[in-house]
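Reading through the structure tokens given below for one structure.
The values are calculated or read from the model by the stated rules, or taken from the named source; none is laboratory data. Bear in mind the structure is a predicted one, so any value in this text is a computation, not a measurement. With ideal geometry, Cβ positions are generated from the backbone for all residues, glycine too; neighbour counts draw on all protein chains shown. The protein model used for the area step is the full one, side chains on, heavy atoms only, and it has no ligands, DNA or RNA in it. Shrake-Rupley method; radii C 1.70, N 1.55, O 1.52, S 1.80 Å.
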Amino acid sequence: MAEVSWGLLPVEASKIYFDPEKSIKAIEKKNKQGVTSCPSVLKLLQKTHIIKCPFDLKLRFSGSLEAPEIRPIEEFTSIHHHKLKSIFSLSPRKDWLNEEFPVFQITTPYVFTSKEEIDIIQKFPRDLIGTNCPFRLIEGQFPIDTWVRPLSWAVEWIDIKKDITLRRGQSWFDITFAHNDFSKNLKLSKVELEDKILKEIESVKDITGYIKGTSKLMER
């Protein structure tokens, strides 16, 4: 059994954040079978979890690509503007993957750790595939045994003519785990983040703002 621990940073209003939900359970609730009878599909779904959005949010793009502005539409947004500002950041255009697609992120308090050599993979949510949403998740992977850090919801805004709308409880992003022994099942356990973990998180906070080549720091 591969064991992964997860917890929330001691942030304000942490109770609004949902526990990760097993993807396979979400599919079972919808009474869907078919391809899930395939052992390889089932194995991946058993290691995949859904992280749900903690608040209502509607964002509108204004300004221009040269001078972008993003503002929340208050009547459809539950999180107060000053609270959103504290967890929201718009990347400068030179850092966008495509100069036509603005990149921004919202930090989350989710932290995943393991004593085993396990990678976490953050993915676009299965529930939003085919919904023609105006953004795509910037997917990523890193080792949670050597790189302890909170996850972010980072996206490219691929259709700036459309608002980005999120609803509390909808799929925000999916996470899955890669272990060198694929045959092992995964056990996910919630824990209180100890001071040692919090200090380690602080030691790598915003590290890309100081040096390049941070992938070397993740080496096992």
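Can you say whether S171 is under 28 Å from I129 (Cβ atoms) and in contact with a Pro (Cβ under 6 Å, 6 or more places away or on another chain), as far as the supplied structure shows?
Details: under 28 Å from I129 (Cβ atoms): yes; in contact with a Pro (Cβ under 6 Å, 6 or more places away or on another chain): yes.
Criteria met by S171.
What are the residue pairs meeting all of these: first residue in region 129-151, first residue closer than 19 Å to S91 by Cα and among the aliphatic types (A, V, I, L, M), second residue open to solvent by 40 Å² or more (accessible area, probe 1.4 Å) and not in a loop (DSSP other than H, G, I, E, B), Cβ atoms under 9 Å, and 6 or more apart or on different chains?
As it stands, the answer is L137/K123; I138/Q105; L151/T107, since those pairs meet every condition given.
Residue by residue through region 43-62, note down the ones that are over 30 Å from E12 (Cα atoms) and either open to solvent by 60 Å² or more (accessible area, probe 1.4 Å) or modelled with pLDDT under 75 (or both).
Hits for region 43-62 are L44, Q46.
Quickly run through region 134-143 and pick out the residues that are closer than 23 Å to L59 by Cα, open to solvent by less than 40 Å² (accessible area, probe 1.4 Å) and either in contact with a Lys or Arg (Cβ under 8 Å, 6 or more places away or on another chain) or small (G, A, S) (or both).
Going through region 134-143, the residues closer than 23 Å to L59 by Cα turn out to be 134-139.
Now restrict to residues that are open to solvent by less than 40 Å² (accessible area, probe 1.4 Å): 134-135, 137.
Across region 134-143, the qualifying residues are P134, L137.
Which of the residues spanning region 75-94 are part of a helix (DSSP H, G or I) and either open to solvent by 30 Å² or more (accessible area, probe 1.4 Å) or aromatic (F, W, Y) (or both)?
As a first pass, look at region 75-94 and keep what is part of a helix (DSSP H, G or I): 75-76, 81-87, 93-94.
If the condition is that a residue be part of a helix (DSSP H, G or I) and either open to solvent by 30 Å² or more (accessible area, probe 1.4 Å) or aromatic (F, W, Y) (or both), then E75, F76, H81, H82, K83, K85, S86, I87, R93, K94 are the ones that fit.
Exactly one condition in (1) in a strand (DSSP E or B); (2) among the β-branched types (V, I, T); (3) open to solvent by 40 Å² or more (accessible area, probe 1.4 Å); (4) farther than 26 Å from I79 by Cβ is not met by T146; state its number.
Among (1) in a strand (DSSP E or B); (2) among the β-branched types (V, I, T); (3) open to solvent by 40 Å² or more (accessible area, probe 1.4 Å); (4) farther than 26 Å from I79 by Cβ, T146 violates only (1).
Hey, any hits in region 95-115 for a residue that's open to solvent by 40 Å² or more (accessible area, probe 1.4 Å), touching a His at 6+ places or on another chain (Cβ under 8 Å), in contact (Cβ under 8 Å) with a residue 60 or more places away in the chain and assigned to a loop (DSSP other than H, G, I, E, B)? Break it down stepwise before answering.
Here is the first cut: in region 95-115, the residues open to solvent by 40 Å² or more (accessible area, probe 1.4 Å) are 95, 97-101, 105, 107, 115.
Okay, now just the ones that are also touching a His at 6+ places or on another chain (Cβ under 8 Å), so none.
No, because not a single residue in region 95-115 is open to solvent by 40 Å² or more (accessible area, probe 1.4 Å), touching a His at 6+ places or on another chain (Cβ under 8 Å), in contact (Cβ under 8 Å) with a residue 60 or more places away in the chain and assigned to a loop (DSSP other than H, G, I, E, B).
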